[in-house]
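Contents: one structure, followed by commentary.
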């Protein structure tokens, strides 16, 4: 296990009725920008709960954040922040809304010429507006980390940034807010959380048995409760376990001090940017290809995972069991299932990675040509 520093400043408030706790956590002396998606919080009652909890605080609403949050939309919110002298951002929704809030918070305080540089040029984020979150969709883990991913229509790019300045001050997680989610969003959340764990676990042995068991515990729990929560959306215990798994999957604990991969995410982002498939859908397609291409480097950990989580054996057992589990959730695992031509996707995305001179994976051995090979095998 490598040396590491684990720092997570987010206060997690978990359980039934916890939205009322906003009253003691959101500041009273500055205007608040309430950021949300396309209206589901108004139909499921969450908006009313938040409004009541905020009381008479000065508030400006900003809705319309997309499932893959857009730079263009976020910049309109930045204009609203400046117009109303906003001092606090409150994200109400899933990880996409919270990712947008993180970018808005950073862009509003950015001192450079173009806030897109935060994503495209890795410009440092020295300051950001404070953020709070009411989470309604478990998936990304954004409620307890400093990461965000933003898409830009004009360039068909989907890029990420990370900064300690954009950790939420608090995140409220009430599993009851997830009861009305469509099955597709629940399915996506389960897969997203699992792949977050895989990216930090399915690498090579690092003398970190506790980290391995933490990762395997999250994976085993998701395999157990994922189908339950799809079959019985109002099973509070299953939803609570799922919600907590998604948070722990990417709050920094599983991956600290051990090698990380993230090739699946980096390739998946371009699939989403070019073809519009959901983030989790891109991960379910790409992951088995990364494992197959990198079987020699990942053999020991994939065999361990196959045995401990599914009672299977070897790399092939790990890939087969994972694909079958995804399929059991209703998640497609091939490009053709999304109407995407693998040869075309491979050609386009290979050129993008060649232009970036990118090398991916825990060993940085996946170059642009290897990215193309991965996509072609996922036809």
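The values are calculated or read from the model by the stated rules, or taken from the named source; none is laboratory data. It should be emphasised that the depicted structure is a prediction, and the values quoted were computed from it without experimental measurement. Note that we place each Cβ from the backbone using ideal geometry, even for glycine, and neighbour counts take in every protein chain shown.
Does at least one position in segment 55-69 carry a residue that is assigned to a strand (DSSP E or B), within 25 Å of residue 161 (Cβ to Cβ) and either modelled with pLDDT of 95 or more or in the same structural domain as residue 129 (by TED's automatic domain parsing) (or both)? Yes, segment 55-69 contains a residue that is assigned to a strand (DSSP E or B), within 25 Å of residue 161 (Cβ to Cβ) and either modelled with pLDDT of 95 or more or in the same structural domain as residue 129 (by TED's automatic domain parsing) (or both). For segment 1-46, which residues satisfy the criterion of being out of contact with any helix residue (DSSP H, G or I) (no Cβ under 9 Å at 6 or more places or on another chain) and at pLDDT below 90? Correct list: 2, 3, 4, 5, 6, 38, 43. When residues in segment 70-94 are screened for being buried (at least 24 other Cβ atoms within 10 Å of the Cβ) and either on the phi > 0 side of the Ramachandran plot or modelled with pLDDT under 95 (or both), 1 of them pass. Taken as a whole, the structure leaves residue 133 outside the set of residues that are more than 29 Å from residue 226 (Cβ to Cβ) and assigned by TED's automatic domain parsing to the domain that holds residue 158. Considering segment 274-359, the qualifying helices (runs of 4 or more DSSP H), each wholly inside and each with 3 or more residues that are closer than 25 Å to residue 157 by Cβ, in contact (Cβ under 8 Å) with a residue 24 or more places away in the chain and out of contact with any strand residue (DSSP E or B) (no Cβ under 7 Å at 6 or more places or on another chain), run over 279-293, 342-356. Based on what the data block shows, is residue 217 out of contact with any strand residue (DSSP E or B) (no Cβ under 6 Å at 6 or more places or on another chain), surrounded by fewer than 22 Cβ atoms within 10 Å (Cβ to Cβ) and under 23 Å from residue 324 (Cβ atoms)? Yes: the conditions hold for residue 217. Go through segment 20-39 and give me each residue that's more than 21 Å from residue 87 (Cβ to Cβ) and under 22 Å from the mean Cα position of the chain (by Cα). Across segment 20-39, the qualifying residues are 37, 38, 39.
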